[in-house]
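What follows is a set of notes on a single structure, which appears directly below.
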Amino acid sequence: LFQPDFGTARADFPGGDAKSLWNSIQQILTLPDDTRLFTGHDYMPDGREPTWQS
């Protein structure tokens, strides 16, 4: 599952919606345990690896 980051992951920012964020998270939590989630954050090509992989 690829999830782009559109800047809406913070409900306290302008345009944020806590209810929409909550509902989206609840949908993700219903996915099988072996589902891999790749968020839209980029990692620079300097050899740095992601700290976590969901």
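Residues whose amide H falls under 5 Å from that of residue 39, counting only those 5 or more places apart or on a different chain, are 3, with hydrogens built in the peptide plane. Within 11 Å, Cβ to Cβ, of residue 21, how many net charges do the neighbouring residues add up to if Lys/Arg are +1 and Asp/Glu are -1? So the surrounding residues net to 0.
Since every read-out is calculated from the coordinates, none of them should be taken as a lab result. The structure presented is a predicted model; accordingly, all values stated were derived computationally and were not measured. Neighbour counts run over all protein chains shown; Cβ positions are idealised from the backbone, glycine included.
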